[in-house]
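The values are calculated or read from the model by the stated rules, or taken from the named source; none is laboratory data. The shown structure was predicted, so the numbers you read here are calculated from the model rather than taken from an experiment. Here Cβ is always computed from backbone atoms with ideal geometry, including for glycine, and neighbour counts include all displayed protein chains. For accessibility, only protein heavy atoms count, side chains too; no ligands or nucleic acids. Shrake-Rupley method; radii C 1.70, N 1.55, O 1.52, S 1.80 Å.
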Amino acid sequence: MGRIAVAARRRLELLSDAALRIGTTLDVPRTAREIVEAAVPRFADHATVDLFCPVLHGTAPVDPGAELRRVAASGAAPGAAYGPHARGEPIRLVPGSPQARALCGGSAVRDTSPGPDGEPRAVIAVPLRARDTLLGVATFQRAARNEPFADDDLTLVRDLAARAAVCIDNARLFTREHHLALELQRSLLPRGVPEQHAVDVAHRYLPAARGRVGGDWFDVIPLSGARVALVVGDVVGHGIHAAAAMGRLRTAVHNFSALDLPPDELLGRLDDLVVRLDDENGTGPGLAGATCLYAVYDPVTRRCQLARAGHPPPALLAPDGEVRFPDLPAGPPLGLGGLPFETAEFAVPEGSGIVLYTDGLIEGRHLDPDTGMRRLGRALAAVPRDCPPEEVCAALEASLRPAPSADDVVLLVARTRTLDERQVAGWDVPDDPAAVSALRSAITRRLRAWGLEELTFTTELIASELITNAIRHGAGPVRATLLRDRALVFEVADASGTSPRLRRAATTDEGGRGIFLVAQLCRRWGTRYTDHGKVIWTEQQLPA
């Protein structure tokens, strides 16, 4: 009776210890290893866990004939029932083996089988099943010198397998959510860089390790006047909710950028949107605390405007190799509401590098942001001067990316270009309707020099309408600009804050058809406001 009581107490201790040791992480292979580590050597001399391949990828196996794979093994003895297999190898069950019978019958099987030395070994194979899903099989073996498995051991194995299967299934479901979140995140990020000539761009999205997909994103958005917006942002939290929230913010930034707003005003509207969405969301996962940096580079003036909402500042890599972090007003994170943002503006020499990133690149468990920015500066300083953006990204990823990383990382590297004088023409327009004729002649000469004679007629009509409107309804000074970029751009700037609008004139109206005509002649048109007034711009498709 004493031996029976001691054995029963040991079984209870094993179950209690296994409950504490198994399922400490939501990682399928790690959970399988915890099972065999709990059983060997206290209960068995050798233990293995073999799972169906779909389980390792987060899905439920639907084919009972799906391939098994050795996920965990512990102990010195080989798997006597069907030969030794290394972890990660596919398993081919021998018909009639305890493992095959356990999977087919759905219950634990106790048996003896010959080992490599010919001596019989005690074997228990038990199916791992949770929530009506068959996940795989666990096998426990004892050498011939030890006691064979008793009926109470069979009961213990059933209890152990039931607890372990639930932990494996929880890890499987978490793996599935991780894959879904990663797939959603990647689907919401840009598939490529849109056509624009202001910057050469390279980018990276590096997801965090093991299930911590976040809400980091980037964007390159062409704007009017050959300008380009560079955007990086970071949504708090991880998983599907963070990825979905990132998609909402990215869409909002695209919509607001179409209004040609200054960076601080765009972030202000984005902040109002986050507050409104959080109010509508109630107690669910919100967006408050998200960060964003919005920069606009103008290849004509070679100037960059930036504003940030709680986001790390960009790094600027000068053509001579100097690295600096501009002193930008930090601004509050998005979602706090009512606090202002501020735009900073500075000159950017041609060929400079603008490096935007999220905090996962410069922060970590043992790395504070200041130290991380110094590491980033040293890494950039070590990059060759003429290194293209793609190689800069690769160098930064290799030298700064922590492994494994607790947070995802977005990296956006832009090398600036400039529109030279041969691509830009500008004229100051006198406050006199008669000046329109002289301007048309100047535009014709410039288009002829660019080899764009076939656009002369439409460009003259557009220029006549916009210049006449600026003289009659705007305020001086008036300036016209013609740009040859990926499209032919014509701009008229004046000091008035009023903007023309497209409307359908009635048959009895004497006017009101000018902007309608302009809209029909060009591919796109719009208005952007400046500190000194507004700019009306149009884009025409270049001839093939």
Show me, for the range 186-192, the HN-Hα J-couplings you get by feeding each phi into the Karplus relation (A = 6.51, B = -1.76, C = 1.60, θ = phi - 60°), rounded to Hz, glycine and proline as x.
5, 5, 8, 7, x, 6, x
Averaged per residue, the 1.4 Å probe accessible area of the range 226-335, protein heavy atoms only, in Å², is roughly 37 Å²
Go through 298-309, 169-180 and give me the packing order, highest mean Cβ count within 10 Å leading.
298-309, 169-180
Over the chain, with a single point scatterer placed on each C-alpha, what log10 of the ratio I(q)/I(0) does the Debye formula yield at q = 0.06, 0.10, 0.11, 0.12 1/Å?
-0.48, -0.89, -0.98, -1.08
For the range 139-208, report the accessible area per residue in Å² (1.4 Å probe, heavy atoms, rounded to an integer).
47 Å²
Report Rg(Cα)/(2.2 N^0.38 Å) for the range 211-312, keeping two decimals.
1.10
Probe 1.4 Å - accessible area at Arg33, Å² to nearest ten
80 Å²
Solvent-accessible area, 1.4 Å probe, carbon plus sulfur percent, for the range 145-230:
49 percent
Per residue, the convex hull enclosing the Cα atoms of the range 330-469 spans a volume in Å³ of 219 Å³
Treating the angle as unsigned and between 0 and 90°, give the value, to the nearest 10°, between the Cα long axis of helix 389-400 and the longest Cα principal axis of the chain.
40 degrees
Could you state the accessible area per residue of the range 391-445 in Å², with a 1.4 Å probe and every protein chain left in place?
48 Å²
Compute the acute angle (0 to 90°) between the alpha-carbon long axis of helix 28-39 and the principal axis of greatest extent of the alpha-carbon atoms of the chain; round to the nearest 10°.
20 degrees
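If packing is taken as the average number of other Cβ atoms within 10 Å across a peptide's residues, how do 226-235, 452-461 rank, most packed first?
Ranked by mean Cβ neighbours within 10 Å, highest first: 226-235, 452-461.
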For Leu135, what residues show an amide H to amide H distance below 5 Å, using hydrogens built from the backbone and excluding near sequence neighbours?
Leu128, Arg129, Ala130
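Given the convex hull over the Cα atoms of the range 234-293, what projected area results after averaging over all orientations, in nm²?
Hull-based average projected area comes out at 3.8 nm².
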Report the net charge of residues surrounding Ala442, where surrounding means a beta-carbon distance below 12 angstrom and charges are Lys +1, Arg +1, Asp -1, Glu -1.
+2
Along the range 22-27, Karplus-curve 3J(HN,Hα) (6.51, -1.76, 1.60; θ = phi - 60°) to the nearest Hz, with x for Gly and Pro, reads 8, x, 6, 10, 9, 10
How much accessible surface does Trp450 have with a 1.4 Å probe, in Å² rounded to 10?
30 Å²
Go ahead and estimate [θ] at 222 nm for the chain from helices alone: -39,500 (n - 2.57) per DSSP H run with n ≥ 4, summed, over the residue count, rounded to 500.
-11000 deg cm²/dmol
Tell me the angle of helix 435-449 to the major Cα principal axis of the chain, expressed in degrees between 0 and 90 and rounded to the nearest ten.
50 degrees
Of the listed peptides 10-17, 245-252, 463-470, 437-444, what is their order by residue-averaged count of other C-beta atoms within 10 Å, with the highest listed first?
463-470, 245-252, 437-444, 10-17
